[in-house]
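Read the structure below first, then the notes.
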Amino acid sequence: MIVLFTDLDGTLLDHHTYRPGPALPELRRLQAAGVLVVPATAKTPAELAWLADEFGLPGPYIAENGAAVVGAGVDRVLGLPYDEVRARLRDAAGAAGAEVAGFGDATVEDVMSWTGLDRPAAVRARQRRWSETFRLLSGDECALAAALAERGLTMARGARFRTALGRHDKGDAARLLLAVLGPDAVSWAVGDAANDFALLAAVRHPMLVRAHDGTWADLDLPDLLRLDGIGPAGWAQAARHILPP
Ligand SMILES: [Mg+2]
């Protein structure tokens, strides 16, 4: 069995359009050949359920940066409850002299303008269960990260936002799912950003697409395959590495 863990924003989905474009036929080809494609993302279960319908990704999923593995008969939570994460984030921001604006502080309209998402998508993005996505409005990033660490949280950095979450990452969730699947599963992963490092480190075959600005994230991993394409174009190349057409 082949398992492909994939980041979504900037990897399977275009950074600007949120669509898979040239990756879609390759995704279908892998699925038809029995490859288990597992989204691993900061997205919420509500967003992932919608994507399942829209792009035919039946699950399981790694949601909210590794806080949970859900779907297709798997239901394992590694994360802290959302209200607890928000309380610790507020406390840490106060201690670090930082000003943050979380999705939970924001209106649906705010989230729409920050992300460019339409209203239903912004509603789904706000339905967070184990992690808080936020903008750092002022203050020092390192001081905030240290204050979060003192409170048992870590901070993940995406292209647009930071996310506060418990001490788990996409890699922990990937290892959990691989343990469920058993030793015969051959693991691949593809990402575009520094916050995919733990995921890429958890698999046998890590791959990196170019980010939307045309650069590769500065990741140092043995056997990391750097693909030429940006986002979904790189994803299509990744699929051809896994399973030559
Ligand atoms: Mg990404």
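What number, rounded to the nearest 500 deg cm²/dmol, is the helix-based mean residue ellipticity at 222 nm of the chain, given -39500 (n - 2.57) per DSSP H run of at least four residues and division by all its residues?
Estimated from H runs of four or more residues: -11000 deg cm²/dmol.
Of the beta bridges DSSP finds with both residues in the chain, what % are antiparallel, to the nearest 5?
DSSP beta bridges in the chain are roughly 50 percent antiparallel.
Tally up the carbon and sulfur contribution to the accessible surface of the chain as a whole percent, 1.4 Å probe, everything protein left in place.
The computed percentage sits at 52.
To the nearest 10 degrees, how steep is helix 170-181 against the longest Cα principal axis of the chain, on a 0 to 90 scale?
Compared with the principal axis, the helix lies near 40 degrees.
Non-local amide H neighbours of LEU80 (under 5 Å, H modeled in plane, Pro and chain starts lacking H): which ones?
For LEU80, whose amide H was placed from the backbone, the distant partners under 5 Å are GLY166.
Taking Cα pairs under 8 Å and at least six residues apart, what relative contact order does the range 82-165 come out at, in percent?
Value for the range 82-165: 38 percent.
What is the spin-label model distance, in nm, from VAL180 to ASP75 if the labels are put 7 Å beyond Cα along the C-beta direction?
1.1
Could you work out how far helix 232-242 tilts from the main Cα principal axis of the chain, as a 0 to 90 degree angle to the nearest 10?
With both axes taken from Cα atoms, the answer is about 50 degrees.
Over the range 136-195, average the accessible area per residue using a 1.4 Å probe and give it in Å², no decimals.
44
The values are calculated or read from the model by the stated rules, or taken from the named source; none is laboratory data. Quick caveat, the model's predicted, so the values are computed rather than measured. All Cβ positions, even for glycine, are placed from backbone atoms using ideal geometry, and neighbour counts span all protein chains on display. Quick note on the areas: whole protein, heavy atoms, side chains included, nothing else; ligands and nucleic acids left out. Shrake-Rupley method; radii C 1.70, N 1.55, O 1.52, S 1.80 Å.
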